[in-house]
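To start, the structure under review is shown below, and the notes come after it.
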Amino acid sequence: MSILHVNKLWTGRGGTDTHLNRRTYREMWEIICSTPDEDPNAVANAVGLPQLGSAALSDPTAYFVDFDLAQSEDTPFHWYFSARYDSQPELPEAFDPGASGASPGDIPENPLLRPTVWSVNFQKTSEPAVKWYKVDPLENVEANLSLVRNSADLPFDPPATIEVSRPVIRAVKNIPPAQATLAFFSSLQDVVNDRLWRGLQPRVARIDGVTGQGRFENGVPFVEVSLEIALKWDTWDLRILDAGYMEKLRRGSGPGGPVVTWTKMRDPFNQEASSPIPLDGAGKKLAPDGTPVFLRGIPQNYRRANFAVLLGI
């Protein structure tokens with residue numbers, strides 16, 4: 001005896017919704033057996049059928065709660081399996097709060113309906129100081145920011161670094177097992193917010209760590225996901241002093257456009273540069289009285305995403 005085929009049918013599908021946002025769905029499956037006296041338990045557990053407690057593909061917050069199994073009246077080799085999904089399933093040991101003096105608090109909680117739990121701490125680190133408010137010998141503080149430079153109006157080499165602290169948000173939320181795939185966790189790696197999120201400007205928040213643990217409470221399977229989101233008020237963009245050993249020159253034009261060449265730069269002693277020399281942002285050596293240029297960009301390592309959609313918070 002064996003199961004020959006398991007086919008999902010388009011007939012018998014349906015669903016309901018209520019003003020309390022309780023959603024139910026129906027699916028119909030056909031199982032074809034090699035013998036008319038196949039064991040109903042074997043039919044109900046045929047490979048390819050959904051398993052009790054699994055989430056609906058179209059709605060990960062709705063769970064497979066029960067099914068009807070019936071042998072076809074037309075041919076005994078065919079069985080029909082009707083699956084029902086519910087977004088607010090009846091939990092084990094739950095009962096009517098109006099009976100026996102019970103209160104709503106006595107009803108077992110659905111862990112998937114718990115709100116996200118937030119906490120925050122600060123991490124200390126160091127980073128280059130790019131701009132500052134100059135302070136003169138009389139303790140007067142300039143009103144405007146200026147680039148951190150030495151008395152020759154050149155950047156310090158190596159750059160000055162300062163100790164800073166960054167807030168790290170920890171968000172703990174529960175998700176359905178069907179959502180907690182390897183692809184889902186991979187999509188969280190080094191992601192920055194690509195738009196305004198919870199009052200934070202784009203690229204200010206970056207996912208810095210993720211953990212996930214499978215749990216089962218009150219008859220409901222779920223995965224507890226903990227997210228660590230590091231914040232940097234001036235964004236996670238990379239900022240690099242425009243400097244190098246060579247400058248770019250354009251010499252005439254060719255069939256494909258301007259002919260570009262490079263030449264080694266020389267230091268103030270007319271020697272070939274032994275350390276990077278500031279550039280002007282256009283590939284040319286920075287003039288002695290020029291303002292150092294910092295190039296800015298988003299590293300490929302940081303993927304951008306809509307946090308509201310990706311994280312659901």
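Here are the numbers:
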item: Some residue of region 214-227 being at pLDDT 95 or above, small (Gly, Ala, Ser) and out of contact with any helix residue (DSSP H, G or I) (no Cβ under 8 Å at 6 or more places or on another chain); result: yes
item: Scope region 27-52; condition touching a residue at least 24 places away in the same chain (Cβ under 8 Å) and among the polar types (S, T, N, Q); matching residues; result: SER34, THR35
item: Region 267-313, residues that are more than 23 Å from TYR245 (Cβ to Cβ) and in a strand (DSSP E or B); result: ARG303, ARG304, ALA305
item: Among (1) surrounded by 11 or more Cβ atoms within 10 Å (Cβ to Cβ); (2) within 30 Å of ALA180 (Cβ to Cβ); (3) touching a strand residue (DSSP E or B) at 6+ places or on another chain (Cβ under 7 Å) - the single one THR16 does not satisfy; result: (1)
item: Residue match in region 22-33 (condition: assigned to a loop (DSSP other than H, G, I, E, B), surrounded by 11 or more Cβ atoms within 10 Å (Cβ to Cβ) and modelled with pLDDT under 95); result: yes
item: Residue within region 297-305 that is more than 18 Å from ARG170 (Cβ to Cβ), out of contact with any Leu (no Cβ under 9 Å at 6 or more places or on another chain) and modelled with pLDDT under 90 present; result: no
item: Members of region 140-168 that are over 30 Å from ASN121 (Cα atoms), assigned to a loop (DSSP other than H, G, I, E, B) and either in contact with a Lys or Arg (Cβ under 8 Å, 6 or more places away or on another chain) or charged (D, E, K, R) (or both); result: GLU142, ARG149, ASP153, PRO155, PHE156, ASP157
item: Count of residues meeting criterion [touching a residue at least 60 places away in the same chain (Cβ under 8 Å) and either touching a helix residue (DSSP H, G or I) at 6+ places or on another chain (Cβ under 7 Å) or loosely packed, with under 13 Cβ neighbours inside 10 Å (or both)] in region 177-186; result: 0
item: Residue tally, condition assigned to a loop (DSSP other than H, G, I, E, B) and loosely packed, with under 11 Cβ neighbours inside 10 Å, over region 40-55; result: 2
item: Subset of region 215-256 that is acidic (Asp, Glu) and part of a strand (DSSP E or B) - its residue that is nearest to ASP66 (Cα to Cα); result: GLU217
item: Only one of ARG170, ARG166, ARG203, ARG250 that is free of Cβ contacts under 8 Å to residues at least 24 places away in the same chain and either more than 30 Å from LYS264 (Cβ to Cβ) or more than 17 Å from the chain's Cα centre (by Cα) (or both); result: ARG250
item: Those residues of region 169-214 which are of a type in the set (Gly, Ala, Ser) and part of a strand (DSSP E or B), in sequence order; result: ALA171, ALA205, GLY209, GLY212, GLY214
item: Residue check for GLY209: surrounded by 12 or more Cβ atoms within 10 Å (Cβ to Cβ) and without any contact (Cβ under 8 Å) to a residue 40 or more places away in the chain; result: yes
item: Residues that are surrounded by 11 or more Cβ atoms within 10 Å (Cβ to Cβ), touching a residue at least 24 places away in the same chain (Cβ under 8 Å) and touching a strand residue (DSSP E or B) at 6+ places or on another chain (Cβ under 9 Å), drawn from region 126-152; result: GLU127, PRO128, ALA129, VAL130, LEU147
item: Test: residue in region 64-73 that is surrounded by 15 or more Cβ atoms within 10 Å (Cβ to Cβ), modelled with pLDDT of 85 or more, among the small types (Gly, Ala, Ser) and within 30 Å of PRO40 (Cβ to Cβ); result: no
item: Residues of region 10-26 classified as more than 35 Å from the chain's Cα centre (by Cα) and without any contact (Cβ under 8 Å) to a residue 24 or more places away in the chain, total; result: 1
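The values are calculated or read from the model by the stated rules, or taken from the named source; none is laboratory data. Everything numeric in this text was worked out from a predicted model, so none of it was measured. Counting neighbours? That spans all protein chains shown, and the Cβs are built from the backbone with ideal geometry, glycine included.
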